[in-house]
Amino acid sequence: MDDLQVTPLGPHHDRAAFTCGEVTLDRYLREQASQDRKRSLARCYVLTRASEPARVVGYYTLSAHSLRLHDLPEDAARGIPYRDVPGVLVGRMALDVREQGRGLGERLLAAAVEHCARLESELGLRVIVVDALSEGAARFYERFGFQRFGSGELRLFLSLRHVLPRT
């Protein structure tokens, strides 16, 4: 597992062989990810193994995002003097079915959060937002500190204040 690496999606990656069990996520990687990049709507990053650099183990997408301050819970909104809060949307995240159940989903999420933390040093970001496709996916994100915007919601956020060292 030590040969895992995250890189931007490129033409050499075998998108056709990827399947995660969710048709919309498979289709996105095959048909939409490159178009989103060309249109500057999102960036797709793939998890691969150094020993098989063309095979996509998993992927996530990032795009700029903002929220209304009043959409955040009071404790997360504290100290923000603006009505809009800058963030990053992890729009899609998927793991190939052959790789599920091995802890790689956690590694992929950790890579996405670390990526957002690096971006924060350049952009000024406050939150990471995810849209879970199911209740099970929402519970997955909650295990890592993400909070729901409201009861039963499948949109969750993680304050970067909980990820970054205090300065």
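The values are calculated or read from the model by the stated rules, or taken from the named source; none is laboratory data. All figures in this text were calculated on a predicted structure; none of them were measured in a lab. All Cβ positions, glycine included, derive from the backbone under ideal geometry; neighbour counts span all protein chains shown. Heavy atoms of the whole protein, side chains included, go into the accessibility calculation; ligands, DNA and RNA do not. Shrake-Rupley method; radii C 1.70, N 1.55, O 1.52, S 1.80 Å.
Yes or no, residue by residue, for (1) in a helix (DSSP H, G or I); (2) closer than 30 Å to Ala16 by Cβ; (3) of a type in the set (Gly, Ala, Ser):
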| residue | (1), (2), (3) |
| --- | --- |
| Tyr60 | no, yes, no |
| Ala64 | no, yes, yes |
| Leu67 | no, no, no |
| Val85 | no, no, no |
| Ala117 | yes, no, yes |
| Glu122 | yes, no, no |
| Ala138 | yes, yes, yes |
| Gly150 | no, no, yes |
| Arg161 | yes, no, no |
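For segment 40-52, the criterion of a residue being at pLDDT 95 or above, under 20 Å from Ser121 (Cα atoms) and outside any strand (DSSP E or B) is satisfied by at least one position. Within segment 75-85, does at least one residue satisfy the condition of being crowded, with 16+ Cβ neighbours inside 10 Å and either within 17 Å of the chain's Cα centre (by Cα) or at pLDDT 85 or above (or both)? Yes, some residue in segment 75-85 is crowded, with 16+ Cβ neighbours inside 10 Å and either within 17 Å of the chain's Cα centre (by Cα) or at pLDDT 85 or above (or both). Restricting attention to segment 121-139 and to residues that are in contact (Cβ under 8 Å) with a residue 12 or more places away in the chain and surrounded by fewer than 18 Cβ atoms within 10 Å (Cβ to Cβ), the residue that is nearest to Asp71 (Cα to Cα) turns out to be Asp131.
For residues that are over 16 Å from Arg98 (Cβ atoms), in contact with a strand residue (DSSP E or B) (Cβ under 8 Å, 6 or more places away or on another chain) and of a type outside the set (D, E, K, R), scanning just segment 35-52, find the one that is most open to solvent (accessible area, probe 1.4 Å). Top of the filtered list is Leu41. In segment 86-100, which residues are within 8 Å of the chain's Cα centre (by Cα) and either open to solvent by 10 Å² or more (accessible area, probe 1.4 Å) or not hydrophobic (A, V, I, L, M, F, W, C) (or both)? Residues satisfying the conditions are Leu89, Gly91, Arg92, Met93. The residue that is least open to solvent (accessible area, probe 1.4 Å), counting only those in segment 1-23 that are without any contact (Cβ under 8 Å) to a residue 40 or more places away in the chain and farther than 24 Å from Gly103 by Cβ, is Gly10. Name the single residue that is farthest from the chain's Cα centre (by Cα) among those in segment 104-114 being under 13 Å from Leu47 (Cα atoms) and open to solvent by less than 60 Å² (accessible area, probe 1.4 Å). Here the residue is Leu104.
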